[in-house]
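The values are calculated or read from the model by the stated rules, or taken from the named source; none is laboratory data. What you are looking at is a predicted structure, and each value in this text was computed from that prediction instead of being measured. Every residue, glycine among them, receives a Cβ derived from its backbone with ideal geometry; neighbour counts consider all protein chains shown. With ligands, DNA and RNA removed, areas are computed over all heavy atoms of the protein, side chains included. Shrake-Rupley method; radii C 1.70, N 1.55, O 1.52, S 1.80 Å.
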Amino acid sequence: LCDGKCCTHALLALLYFIVALGFFEKGIFIPLYVAWVISCRYVLTKEIPTFKQLTMVAIMLMGSAFYLLALWHPEQHRPSINDSLHAAYVYLSAALQIFMPFEHSRSLNVTALIAFVLLSTFLVFRNRLHFFTVLGLIIVVFVNVWPLASSSRVAMFGLDVVLLNRYYFDMGFLFSIFLYCLLIE
């Protein structure tokens, strides 16, 4: 990752980030994902991030901050914090059901979360350093879920909004990154 292609990879990440902002609202989280992978590599392999990598992540994080500031509408009707947290729980647990080998239902929300907690606990006991990877996954998934869970759509239409299938496809790649971080040790 830090050989002669490092600068090229960093510039490609910046380019993909800029392009994603044009059509994918959650593209603002790309710097967070990149920072998570760099951090996992450091924790698991002790590979120190290069100055170029850190600079590129910082530039992308500033881009995300400016993008969020430009789109912020304080007058927009939003759900309460409790409603947002409940919507995030429903969204996350429904997204986790994608990986379960049986029919999905609202009653499986707790089962999906328990399965995730058990898998995470197993991974952490297998290798203490995986705690950082699992914690990072929880953070990036929660950050990825929060825009919908706290949106005016939940305030206007209720929890059924977070149960629409179209919102789960953008969660799948996070688990791919998670698996990568588990396998780089």
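Values as computed for the structure displayed
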read-out: Formal net charge of residues neighbouring residue 38 (Cβ-Cβ distance under 13 Å; K, R +1; D, E -1); value: +2
read-out: Label-to-label distance, nm, for residues given as residue 68 and residue 146 (7 Å Cα→Cβ offset); value: 0.6 nm
read-out: Those residues of region 35-50 whose amide nitrogen sits under 20 Å from the label point placed on residue 183, 7 Å along Cα→Cβ; value: 35-47
read-out: Region 106-162, accessible surface, carbon-and-sulfur percent (1.4 angstrom probe); value: 76 percent
read-out: Accessible area (Å², 1.4 Å probe, nearest 10) - residue 39; value: 40 Å²
